[in-house]
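To start, the structure under review is shown below, and the notes come after it.
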Ligand SMILES: *Cc1c(COP(=O)(O)O)cnc(C)c1O
């Protein structure tokens, strides 16, 4: 039976959005069934109810390796394989290396990953290692790794699969398609944590592509930058969201207006001081009428706990930055009452169990193994 004609089985975002991606459908496609992640409406957060906000979280932690990086990786690795590549390389704060390692295994090619010594969450390191990547720890941070990857790619036969690879952004734009397909329209606001700013750029490419096909945009050259961005559209309607990018306060070059040399934050996935999509992200922000803001580590962890406690959704610290920022801007009215808001939860909480356990508010009760003690433990802790 010809599955592509008669089956509704989901087999990944390349097959799902084939006519919107620069992939040869007759070549080999490297997929793990990524994409198609749930858009969960948050109903239990007080401020959201008070202000009549429709708040949705797009739970990208439910991708095959637990982060949105898989959306970009399926396209980047498929392209690399179709062009005959035998090895890929990336610098990573963890999730890119996990994803690159998995897709390289799937494709039967080699993966080399450069990670910052000691600053990567345990789950992510486990993934890179179990998939058989060559893990190169550097005594330096992500930005050092990125610089080295760009240099070494000129001297060795390896394809870079960081978000400077344009196929990464092509894959990641499909998250916007899914949101519009599901809601029937774009949200008023879309909130993302920002590290290299590839993902906020990719989402804008996706929203723009849909909106321009609907005839809601008029095309004209970008007048917001010196022509360094990827966009040539100016909004003529509210068919695209305002894009809000939130950074960790100790790692916030977009707030400083300049690169940051020694970024620090508990949200290791966005511990990046030299964003690779700097010009694109400024254009996204201006063209969409959005803004950047920063959250402290305390606010980020509080948002992570809130989502876990109130909504049953466990994301990693970096991901919670989008919710921390959104809730603050709902509270102060920058996001008006009645708005629809999507927050991207970029990665799964299980990536970083150490941080979760350290800050969890749950009681751990140790007792003897007998019925009375168990009964007591329950009755004395009933709500
Ligand atoms: C990669 C990553 C980010 C940052 O995305 P950029 O495209 O670099 O801005 C945020 N959160 C998580 C969990 C990530 O893995």
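Computed from the coordinates by the stated procedures, all read-outs in this text should not be read as laboratory data. What you see is a predicted model, and the numbers here were worked out from it, not measured in a lab. All Cβ positions, glycine included, derive from the backbone under ideal geometry; neighbour counts span all protein chains shown.
Points to keep in mind about this one:
- Among the residues here, residue 171 does not qualify as surrounded by fewer than 23 Cβ atoms within 10 Å (Cβ to Cβ) and touching a helix residue (DSSP H, G or I) at 6+ places or on another chain (Cβ under 8 Å).
- In summary, helices (runs of 4 or more DSSP H) completely within the stretch 279-383 and bearing 1 or more residues that are closer than 19 Å to residue 251 by Cβ occur at 297-306, 317-331, 353-359.
- Taking the stretch 99-110 as the range and being within 14 Å of residue 34 (Cα to Cα) and surrounded by 24 or more Cβ atoms within 10 Å (Cβ to Cβ) as the test, the residues that pass are 99, 100, 102, 103.
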